[in-house]
Amino acid sequence: MGSVDARPNFHHELEQVHEELVRLASAVVELIPRVTAVILDGDLVEADRIVQADDEIDARAIDIEERCYRLLVLQQPMAKDLRRIVAAIKMVADIERSADLCVNICKAARRIYGKTLDPRMRGVLHRMSEQAQVLYRCAVEAYADDDAPLGAAIRDMDDLLDGLQTEFMRTLFESHNAGLTDLQVGVQLALVCRFYERIGDHAVSLGERVRYIVTGWMPEQAGAARHRQAQAAEPDEPQ
């Protein structure tokens, strides 16, 4: 009887991992506008609240990862179930790192507390935040629904966030040269800009893992194929 009950239990556990991963990623979606308000408004109380809450996110991420390892060891899944577990292990790392980046934005806000931000840079940061949230929300939706086309589209959507990063850095240099932003503030804002861009990159990675779950395609396969083609095109070494 034990073997009869094993697979239903396995799929129940797998579904729980899926649901918890969705909840954890959704928490990052909600974090993004909160940390943006911290950096733009200098809200130190909210900054401290977010920094302290990161321990809970770390604990939840570890729990998901450990459950995945148990499923691999005890159930020896095959095919799509195996891909789903392997992808979840990689995805939880992306999500945990994204939460860390949100914390880093709060820490940067602490360092520049009391400084006035150039209105032009405030505007670009706000747009970067909005686009990062769009990317992450799409990644969550793609994973929740096993939507491979949406997962694939996130990479193209990330181009807008990359463009905003370039625009922000140009605005930052102009503001510094005009004497409106001092060097210390400029360095912190450049880091914040990079943090938003990295959150977008993690969203792209999540989308690619959804494609792997559904189709078996891995983002590394394109580079591996190019490497094989390059090797095939190389002339043989003389004997």
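The values are calculated or read from the model by the stated rules, or taken from the named source; none is laboratory data. Model, not experiment: these values are computed from the prediction. Glycine gets a Cβ as well: all are built from the backbone with ideal geometry, and neighbour counts include every protein chain shown.
Structure notes:
- Single residue of K80, K115 found to be surrounded by fewer than 17 Cβ atoms within 10 Å (Cβ to Cβ), outside any helix (DSSP H, G or I) and either over 13 Å from the mean Cα position of the chain (by Cα) or at pLDDT 95 or above (or both): K115
- Inter-residue pairs, beta-carbon under 9 Å, first closer than 11 Å to I154 by Cβ and free of Cβ contacts under 8 Å to residues at least 40 places away in the same chain and in the stretch 203-220, second of a type in the set (D, E, K, R) and buried (at least 16 other Cβ atoms within 10 Å of the Cβ), 6+ apart: none
- Unique match (being at pLDDT 95 or above, farther than 21 Å from S129 by Cβ and out of contact with any Pro (no Cβ under 9 Å at 6 or more places or on another chain)) among V92, V45, V38: V92
- Residue in the stretch 123-146 that is at negative phi, of a type outside the set (A, V, I, L, M, F, W, C) and outside any helix (DSSP H, G or I) present: no
- Pairs linking a residue in the stretch 14-33 that is of a type in the set (D, E) to a residue that is assigned to a helix (DSSP H, G or I) and modelled with pLDDT of 95 or more, with Cβ atoms under 6 Å and 6 or more positions apart or on different chains, are E20/I64.
- Residue ID - farthest from L31 (Cα to Cα), chosen from residues in the stretch 169-196 that are assigned to a helix (DSSP H, G or I) and in contact with a His (Cβ under 8 Å, 6 or more places away or on another chain): L183
- For Q221, the conditions (1) modelled with pLDDT of 70 or more; (2) assigned to a helix (DSSP H, G or I) all hold with the exception of (1).
- Single residue of the stretch 24-60 satisfying the filter (assigned to a helix (DSSP H, G or I), more than 19 Å from the chain's Cα centre (by Cα) and of a type in the set (D, E, K, R)) that is surrounded by the most Cβ atoms within 10 Å (Cβ to Cβ): E46
- Cβ-Cβ contacts under 9 Å between residues 6 or more apart (or on different chains), taken from a first residue in the stretch 117-128 that is under 20 Å from L183 (Cα atoms) to a second residue that is at pLDDT 95 or above and of a type in the set (D, E, K, R), are listed as D118/E174; R120/E174; V124/E167.
- Filter result for C68 (more than 22 Å from H18 (Cα to Cα) and either touching a residue at least 12 places away in the same chain (Cβ under 8 Å) or assigned to a helix (DSSP H, G or I) (or both)): no
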